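Each remark here refers to the structure printed beneath this line.
What follows is calculated from the coordinates using simple rules that are stated; it is not laboratory data. Not measured: the values here are computed from a predicted model. Cβ atoms come from the backbone with ideal geometry, glycine included; neighbour counts cover every protein chain shown.
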């Protein structure tokens with residue numbers, strides 16, 4: 001009886017993974033702020049398989065013309081595993097290849113994209129690692145554009161780094177469209193493709209907005225998905241998770257319920273009280289919704305910094321509004337300024353126009 005009581009006490013006191021998910025590593029991140037809401041071994045690197053293709057897609061979008069026609073070369077013959085079945089010499093638009101890359105996880109598409117964008121696989125991998133470094137993926141290393149591994153050697157990353165990558169990628173409209181597509185039809189000079197996506201979460205969870213699957217024998221199942229509900233936007237990453245789709249759904253349901261979306265910056269009602277500038281109106285271009293628990297709402301605040309300029313013109317960036325949760329920065333929004341015409345200025349302008357008109361009338365009357 002004492003043993004039972006002891007274990008019950010441990011059950012109450014010790015922190016637990018409330019969902020008991022199957023993943024080895026996982027992250028739930030707020031896409032608006034980059035704040036991690038949940039993590040499980042978030043900074044431990046491992047092989048990531050085909051979720052690699054999130055970076056491949058984003059690099060292609062950022063570094064190439066998506067309307068260019070790609071002539072598929074013999075390098076695709078080295079691809080194995082998932083394929084869209086390209087043929088050597090086939091001509092297809094780069095944008096179409098990105099849909100095949102993401103929906104069908106085509107390893108041949110990944111090779112064709114890399115060669116088309118950078119001229120070689122090595123050059124493309126260099127771009128991948130440079131971009132990863134630029135956005136702060138400190139525990140990531142890419143060796144190829146597709147995610148295949150051999151003898152334990154392949155692309156490695158962490159749950160946190162992949163969530164961070166997805167946060168950055170989702171700021172790109174073209175990426176969002178590709179990531180959120182469930183089916184796509186493409187045409188080359190040889191054939192018509194009809195691709196159906198592999199992300200089963202679309203059919204399991206109505207708030208799903210995108211996703212990329214991955215699997216190799218060494219990496220096991222890897223999955224990145226996004227979902228949005230009531231101005232709450234999340235990304236979930238799981239690595240080595242045998243029940244990944246169900247785990248993602250459970251994580252979304254849990255954290256959507258746990259957090260509220262609070263409008264911290266309202267562009268329609270943005271007011272600043274200050275004494276330095278006269279006849280100047282301040283404005284921001286975007287709303288910002290902060291994801292907070294009920295308890296955290298009291299710690300939400302806005303810190304405003306204004307730059308001091310002698311000359312002001314319409315549209316000048318004049319400061320920043322920082323959304324803070326306690327000491328944690330959630331978001332920075334630029335503040336802009338425009339001049340307000342006063343009644344005195346309007347009167348002066350009117351008198352000036354009337355003076356010019358009087359001179360013109362006198363000139364005509366002198367004829």
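Test of understanding: what is the full-extension gain from residue 133 to residue 43, defined as 0.36 nm times their sequence separation minus their Cα-Cα distance?
Details: separation 90, 0.36 × 90 = 32.40 nm, distance 1.53 nm.
This chain segment gains 30.9 nm when fully extended.
What do the square roots of 5 times the Cα gyration tensor eigenvalues come to for the chain, in whole Å, largest first, as semi-axes of the equivalent ellipsoid?
That gives 48, 34, 17 Å for the three semi-axes.
Among 35, 176, which comes first, second and so on when ranked by fewest other beta-carbon atoms within 10 Å?
Values: 35 18, 176 15.
Sorted ascending by nearby Cβ count, the order is 176, 35.
Rounded to the nearest 0.05, what FRET efficiency is calculated for residue 63 and residue 340 with R0 set to 51 Å and r the Cβ-Cβ distance?
On the way: r = 43 Å, r/R0 = 0.85.
The calculated FRET efficiency here is 0.75.
When a footprinting reagent is the concern and you count Cβ atoms within 10 Å, what order do 55, 137 take, fewest first? Display every interim value, and only then the final one.
Details: 55 30, 137 22.
So the residues, fewest neighbours to most, are 137, 55.
Within 10 Å of each residue's Cβ, count the other Cβ atoms and sort 206, 320, 273 from fewest upward.
Working: 206 9, 320 15, 273 5.
If I rank by nearby Cβ atoms, fewest first, I get 273, 206, 320.
Hey, rough spin-label estimate for residue 320 and residue 183, points 7 angstrom out along Cα→Cβ, what's it come to in nanometres?
Here the answer is 4.7 nm between the modelled labels.
Please work out the ratio of the alpha-carbon Rg of segment 263-339 to 2.2 N^0.38 Å and round it to two decimals. Please report the intermediate quantities before stating the final value.
Details: Rg = 13.5 Å, N = 77, 2.2 N^0.38 = 11.5 Å.
In units of the globular-protein estimate, segment 263-339 measures up at 1.18.
From Cα coordinates alone, what are the radius of gyration and Dmax values for segment 81-164 in angstrom?
My reading of the Cα-based Rg and Dmax gives 13.4, 39 Å.
At 7 Å along Cα-to-Cβ for each site, give me the label-to-label distance between residue 194 and residue 120 in nm.
4.1
Any idea how far the Cα center of segment 99-118 sits from the one of segment 232-311, in Å?
35
Provide, in order from the shortest bin, the percent of all Cα-Cα pairs of segment 137-211 in each 10 Å bin, continuing until the bin that contains the maximum pair distance.
Computed distribution, short to long bins: 15, 32, 37, 15, 0.
On a 0 to 90 degree scale, rounded to 10, what angle separates helix 107-118 from the longest Cα axis of the chain?
40
Evaluate the distance, in nm, between pseudo-label points positioned 7 Å from the Cα of residue 217 and of residue 329 along their respective Cα→Cβ axes.
In this crude label model, residue 217 to residue 329 measures out at 4.7 nm.
222 nm [θ] for the chain, helices only, -39500 (n - 2.57) per DSSP H run of 4+, per residue, to 500? Don't skip to the answer; put the middle values down first.
Numbers: 10 runs with 119 residues, N = 367.
Helices in the chain give a 222 nm mean residue ellipticity of -10000 deg cm²/dmol.
Under 10 Å, Cα contacts only: if you run a Gaussian network model on the chain, which one of 89, 197, 180 comes out with the highest mean-square fluctuation?
Judging by the Gaussian network model, the answer is 89.
Against the longest alpha carbon principal axis of the chain, how many degrees, from 0 to 90 and to the nearest 10, is the axis of helix 244-258 turned?
Approximately 40 degrees, to the nearest 10.
Cut-off 10 angstrom, C-alpha nodes, Gaussian network model of the chain. Which of 235, 28, 284 fluctuates the most?
Largest GNM mean-square fluctuation: 284.
Output the 0 to 90 degree angle, nearest 10, between the alpha-carbon long axis of helix 159-169 and the longest principal axis computed from the alpha carbons of the chain.
It is inclined by approximately 40 degrees.
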